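The values are calculated or read from the model by the stated rules, or taken from the named source; none is laboratory data. Since the model is a prediction, treat every value here as computed from it, not as a measurement. So basically every Cβ, Gly included, is an ideal-geometry build from the backbone, and we count neighbours across all protein chains shown. Each accessible area value is taken on the protein alone, full model and side chains, heavy atoms only, with ligands, DNA and RNA left out. Shrake-Rupley method; radii C 1.70, N 1.55, O 1.52, S 1.80 Å.
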Amino acid sequence: MPTIDIHKQDLEELVGRKFTIEELESALKFVKGEVEDVKGHEIKIEIKSTDRPDLWNVEGIARELRAHFSKNQGIPKYNVSSAKMTINISKKVEKVRPYIAAAVIRNIKIDDNILKQLIQAQEKIAGTFGRRRREVAIGIFELDKLVPPLLYTATKPDGLKFEPLDSGRKMTPGEVLDIHPKGKEFAHLVNSHDVYPILLDAANDVVSMPPIINSEKSGRITKRSKNLLIEVTGLEMRNVETALNILAMSLADRGGNIEQVNIIDRAGNAIVTPTFAVKEFKVDKYLIKRT
């Protein structure tokens, strides 16, 4: 079961009301959560719902609690701006890691809580929902350091050199898998193929090597970051879009503005991501009365 670390005041600001620990313990029943540990304002919460990855960060918990403790009832609505950026998909990734979705988040003010929750959400979603990055891997980048359009393609192990996060030097993709700690940890996800996924910008700079590591140039997010690109890659588009929507909603809840990205697939067809479609479900009255 996912365990989430939150700051109590941060949660209260997102929900719009204060809680005693006893009140919070009661409120967390709405998210199938339990307080596991309390150290001052730092609270560890275990979420016992394995089918709701949108609850695996403080923004998701707060979103659910707002429906019960504020006037913000019903399905949250998110304003989404039209796409300005494009990501083209090469046929080279078709048999390796075929799907990618992305969103731009503009004018986000990042503080310590947001940065901590962003990193935690990446790890929880990619690690649990994404089956340790096999089904879903997430990259977040400084948008202003990228030259659009981007290209999602694949390269040979001795292909383009780049500096991965926390490496201090440039490496080939093969060296990343052999030397870098993250490369060694997740090499099994790609090393059975002749080529490895790579995301490039229009200046031919490596943005990331999904699902392994981001580049140092654009993949380090700090409190000075303002405009972000979120990219999610994976083996099924449904899972990729679910992970993207969760992160986009979380940053929108923090005041960021969501902007769609054009994705041009291998057949030349264009889609835009993210989208927030609403589905209707019919439930028998008997089932409702029985509960």
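So for the stretch 173-243, considering every pair of alpha-carbon atoms, how many percent are separated by more than 14 Å?
On the way: 1626 of 2485 pairs.
Above the 14 Å cut-off, the stretch 173-243 has 65 percent of its Cα pairs.
Relative contact order for the chain using alpha-carbon pairs under 8 Å, separation at least 6, rounded to a whole percent? The partial results should precede the final answer.
Values: 576 pairs, mean separation 73.4, N = 291.
This gives 25 percent for the chain.
What are the aspartates and glutamates whose alpha-carbon lies under 20 Å from the alpha-carbon of K48, with same-chain residues fewer than 8 places away excluded?
D5, E22, E23, E25, E34, E36, D37, E59, E64, E123
Taking θ = phi - 60°, what integer Hz values does the Karplus form 6.51 cos²θ - 1.76 cosθ + 1.60 yield along the stretch 168-174, in sequence order, with x for Gly and Pro?
Once θ is set to phi - 60°, the couplings for the stretch 168-174 become x, 7, 7, 9, 6, x, x Hz.
With a cut-off of 8 Å between alpha carbons and a minimum separation of six or more residues, what is the relative contact order of the stretch 1-59 in percent? Provide the component values of the computation, followed by the final result.
Numbers: 77 pairs, mean separation 28.5, N = 59.
Computed value for the stretch 1-59: 48 percent relative contact order.
Amide H neighbours of V207 under 5 Å, at least 5 residues apart or on other chains, H built in the peptide plane: list them.
Hits under the 5 Å cutoff: L199, L200, D201.
Between I21 and Q73, what is the spin-label point distance in nm, taking each point 7 Å from the Cα along the Cα→C-beta axis?
Going from the I21 label point to the Q73 one covers 3.4 nm.
If you plug each phi of the stretch 241-253 into the Karplus form 6.51 cos²θ - 1.76 cosθ + 1.60 with θ = phi - 60°, what whole-Hz ³J(HN,Hα) values come out, in order, with x for Gly and Pro?
With coefficients 6.51, -1.76 and 1.60, one gets 5, 4, 4, 4, 4, 4, 5, 5, 5, 4, 6, 5, 5 Hz.
Over the stretch 132-291, what percent of the accessible surface lies on carbon and sulfur atoms, probe 1.4 Å?
Details: 3960 of 8020 Å².
Carbon-and-sulfur percentage of accessible area, whole number: 49.
Quick one: go through the stretch 128-171 and flag any residue whose amide nitrogen is under 16 Å from the point 7 Å out along the Cα-to-Cβ line of R220.
140-146, 162-171
Any idea what diffusion coefficient the chain gets from Stokes-Einstein, in µm²/s, Kirkwood Rh on alpha carbon pairs, 25 °C, 0.890 mPa s?
Estimated via Stokes-Einstein, D reaches 123 µm²/s.
May I ask for the Rg/Rh ratio of the stretch 1-160, computed from Cα atoms with Rh as the Kirkwood radius, given to two decimals?
Details: Rg = 18.7 Å, Rh = 18.1 Å.
Across the stretch 1-160, the Cα-based Rg/Rh ratio is 1.03.
Using +1 at the Cβ of each Lys and Arg and -1 at the Cβ of each Asp and Glu in the stretch 46-147, identify which of N107, S90, S49 lies farthest towards the dipole's positive end.
In the stretch 46-147, that residue is S90.
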